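To start, the structure under review is shown below, and the notes come after it.
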Amino acid sequence: MSKRLLTYIILAAAAVTASCTKNTVDLPYGGAISFAPVAEKSTKAIIEGTTYPTTESFAVSAYHGGSDAYFEDLVASYNSSITLWETSTAEYWPLAGSLTFNAYSPSSASGVTITSAGVTATDYTIQTPAQMTTDLCYGSYTVADCASHPESVPLQFSHALAQVVFRVKAASYYENTSLSMTSLSMDGICSVGDFTGSAWENQNTEFNYALHGISTALTYDGTTPVTTDVCSYLFVPQTLGPNASINVGYSVDFGGGRTLNNSPVKVALGGTITEWVPGKKYIYTLNIGLDNVITISASTVGWSDQGYNIIVEES
């Protein structure tokens, strides 16, 4: 074999090897890729604020030119020595072209995948307490020119779920009695859905949620009822159907041996607000009064407090 032919064979093998590393990307590579993520509002365990927790990890993929896989499904975790997040295996900036990063948090989320089009979740289920307190987030960021890439990728996460908060207080005329909420549950809420891009569909499987089972005493600040936070959970965004309802159990001790243990009072949730939207917080304030009358008032804004006043009256 001639030296020239041997040289051609070696060069061809090198070209094949290079084509199997990072497709469509010029070599050599630049510095290592790192991330400085922020949460648009809050993240796992419904943490308030915009700081992404250093205890959290997220899954991330990168696409060169918006479509060609550069790396896929890597877990990015916090590195305290550089105070940034980095992938489990080091990845490096290409010298040319663009990179689009798609990610979801937490990295342990079940049934969630990443493609060049974004994040999808199939049959995403919320039924257990752990699922009800894990905030599914998604994010995307494009570096248009990798030749002048940022020091770290400023990846911003948005919420895919809806947060529902429950609070309770007594009506003013209970000041001289002992009033407690004894139970809180919710019926007819869809617990499964499909997420694509930023929207949900195929919400199904109505589920009955036991939210709170500890007797919660209601108190006064002078003559003013104190509003007490009971619980806060995450749910699949959905249109509230005719079976969606909340059930409030409570007891009243009037003194002198007179006690009322009321069976849970049921009220439809879809009367005032008909839909839970991704990235928004809905606050239901349970106001326990007389005659089993329940009213709901509501307003809707971005991920902030939204007042839903429910008056639970005794019969």
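The values are calculated or read from the model by the stated rules, or taken from the named source; none is laboratory data. Treat the numbers as computed from the prediction; the structure is a model and nothing was measured. Cβ: placed from backbone, ideal geometry, glycine included. Neighbour counts: every protein chain shown.
Tabulated data for the structure shown
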item	result
Some residue of the stretch 176-187 being under 30 Å from T115 (Cβ atoms) and of a type in the set (S, T, Y)	no
Neighbours by Cβ (under 8 Å, 6+ apart or cross-chain): first from the stretch 205-226, under 30 Å from G193 (Cβ atoms); second among the acidic types (D, E) and in a strand (DSSP E or B)	E206/D187; N208/D187; Y209/D187
Q163, sole failed condition from (1) farther than 20 Å from Y282 by Cα; (2) surrounded by 16 or more Cβ atoms within 10 Å (Cβ to Cβ); (3) in contact (Cβ under 8 Å) with a residue 60 or more places away in the chain; (4) not aliphatic (A, V, I, L, M)	(1)
Residue that is surrounded by the most Cβ atoms within 10 Å (Cβ to Cβ), among those in the stretch 68-87 that are within 16 Å of A109 (Cβ to Cβ) and hydrophobic (A, V, I, L, M, F, W, C)	A76
Single unsatisfied condition, P106 versus (1) closer than 30 Å to L269 by Cβ; (2) surrounded by fewer than 18 Cβ atoms within 10 Å (Cβ to Cβ)	(2)
Enumeration of residues in the stretch 114-152 that are part of a strand (DSSP E or B) and surrounded by fewer than 15 Cβ atoms within 10 Å (Cβ to Cβ)	T115, T122, D123, T142
Single unsatisfied condition, P129 versus (1) at pLDDT below 90; (2) out of contact with any Ser or Thr (no Cβ under 9 Å at 6 or more places or on another chain); (3) closer than 30 Å to T219 by Cα	(1)
Filtered residue count, the stretch 93-114, keeping only those that are over 13 Å from E72 (Cβ atoms) and more than 19 Å from the chain's Cα centre (by Cα)	6
Checklist (1) hydroxyl-bearing (S, T, Y); (2) under 15 Å from S34 (Cα atoms); (3) touching an Asp or Glu at 6+ places or on another chain (Cβ under 8 Å) applied to Y92, failing item	(3)
Contacts under 7 angstrom Cβ, first residue in the stretch 48-77 being assigned by TED's automatic domain parsing to the domain that holds V153, partner among the acidic types (D, E) and surrounded by fewer than 15 Cβ atoms within 10 Å (Cβ to Cβ), 6 or more apart	A59/D73; S61/D73
Residues of the stretch 197-229 classified as at pLDDT 95 or above, of a type in the set (D, E) and surrounded by 11 or more Cβ atoms within 10 Å (Cβ to Cβ), total	1
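Okay, residues lined up against (1) modelled with pLDDT of 85 or more; (2) buried (at least 19 other Cβ atoms within 10 Å of the Cβ); (3) part of a loop (DSSP other than H, G, I, E, B); (4) within 22 Å of the chain's Cα centre (by Cα):
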{"position": "C231", "(1), (2), (3), (4)": "yes, no, no, yes"}
{"position": "N243", "(1), (2), (3), (4)": "yes, no, yes, no"}
{"position": "Y282", "(1), (2), (3), (4)": "yes, yes, no, yes"}
{"position": "T295", "(1), (2), (3), (4)": "no, no, yes, no"}
